[in-house]
1. Being aliphatic (A, V, I, L, M) and surrounded by fewer than 18 Cβ atoms within 10 Å (Cβ to Cβ) is the filter; apply it to segment 2-44 and report the residue that is modelled with the lowest pLDDT.
2. Is it true that Thr47 is surrounded by 15 or more Cβ atoms within 10 Å (Cβ to Cβ), β-branched (Val, Ile, Thr) and under 22 Å from Val237 (Cα atoms)?
3. Would you check which residues across segment 7-18 are part of a loop (DSSP other than H, G, I, E, B) and either without any contact (Cβ under 8 Å) to a residue 12 or more places away in the chain or in contact with a strand residue (DSSP E or B) (Cβ under 7 Å, 6 or more places away or on another chain) (or both) and list them?
4. Find the residue count for segment 170-192, including only residues that are in a helix (DSSP H, G or I) and surrounded by 15 or more Cβ atoms within 10 Å (Cβ to Cβ).
5. For segment 195-206, indicate whether the set of residues that are within 21 Å of His38 (Cβ to Cβ) and surrounded by 11 or more Cβ atoms within 10 Å (Cβ to Cβ) is non-empty.
6. Scanning for something in a helix (DSSP H, G or I), touching a Cys at 6+ places or on another chain (Cβ under 8 Å) and under 18 Å from Phe100 (Cβ atoms), does segment 136-157 turn up at least one residue?
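The values are calculated or read from the model by the stated rules, or taken from the named source; none is laboratory data. Note that this is a predicted model, so its numbers are computed, not measured. We place every Cβ from the backbone using ideal geometry, glycine too, and count neighbours over all the protein chains shown.
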Amino acid sequence: MKLVQISDIHLTVPGERMGGLNPHHRFTQALDNVRAHHPDAARIIITGDLTHWGEPAAYQSLREALSDLPCPVRLMIGNHDDRAAFLATFPDQSRDLQGFVNHAETLDDTRLIYLDTTAPRTHAGHFCAARRDWLESELEACDRARLFMHHNVMPLGVPAEDKIALVPDDRAPLAGLLSRFRHRIDYIHFGHVHAPVHGTFCGIPFASVRSTGNQSLPDLVEPELLQAAPMAPSYAVILVEGEGTIIHEIPFGWDGPVFTSGTAWEDWAKPVAAQ
């Protein structure tokens, strides 16, 4: 199974820039790259911060951008999103009985679980008791699961970034839940941090991806200020086979020369003229 994860697209009202970049251009580049190279993906999963200011026109732009893709798309909201505005534009979006954008589906015997980790007027993540109950019921009913969400549920050792991770009051009970079901959860995938970070939490491997916009510069000392720059963007291709996971980072924005070479020993021999 091939999954494409795109994150932190931060769409604006068309024509408005974000962080010095045109987020719509970057997102279009990413989707064009997926169309060209990964039309066989089972899903395109966008893990939040669909918009930058939660404006209806930005969500409408997203809806139009997703109208012609080779596979189904699954959407999650992030801290920059507005749940009501999102649902007004995507009224058919699946959600749980409490109205959170929690939803799930089964592909290749794996339950793909998409989580809503947002709360109003805060950039930190939240996952309340009602959401944990929903997740628990999903995990109880499946043999194998893979979680997708916007926020990182664990601290990452980046002090400023960790201030807007999942809040400690929700992190501890969620960690207990994840620990109980860790043998059923193959991976945790998230966005939010605008950088590739890998590790384990509660015995479960996790990975984040770059943004299609600005990238973060992880500072392991700075306690207050988040740092970012308009560095090269990418998305992730996740290859799943049984219990195995391979994640490729796809640098879709590169438009410079690409060099090719064979794999035989002689293909890398020093040219005679250079000796």
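1. Restricting attention to segment 2-44, the residues satisfying the condition of being aliphatic (A, V, I, L, M) are 3-4, 6, 9, 11, 13, 18, 21, 30-31, 34, 36, 41-42, 44.
Imposing the further condition that a residue be surrounded by fewer than 18 Cβ atoms within 10 Å (Cβ to Cβ) reduces the set to 13, 21, 36, 42.
Numbers: Val13: 96, Leu21: 93, Ala36: 96, Ala42: 98.
Among those residues, the one meeting the criterion is Leu21.
2. yes
3. Ser7, Ile9, His10, Thr12, Gly15, Glu16, Arg17, listed by residue number.
4. Counting residues in segment 170-192 that are in a helix (DSSP H, G or I) and surrounded by 15 or more Cβ atoms within 10 Å (Cβ to Cβ) gives 6.
5. Yes: segment 195-206 contains one or more residues that are within 21 Å of His38 (Cβ to Cβ) and surrounded by 11 or more Cβ atoms within 10 Å (Cβ to Cβ).
6. No: zero hits.
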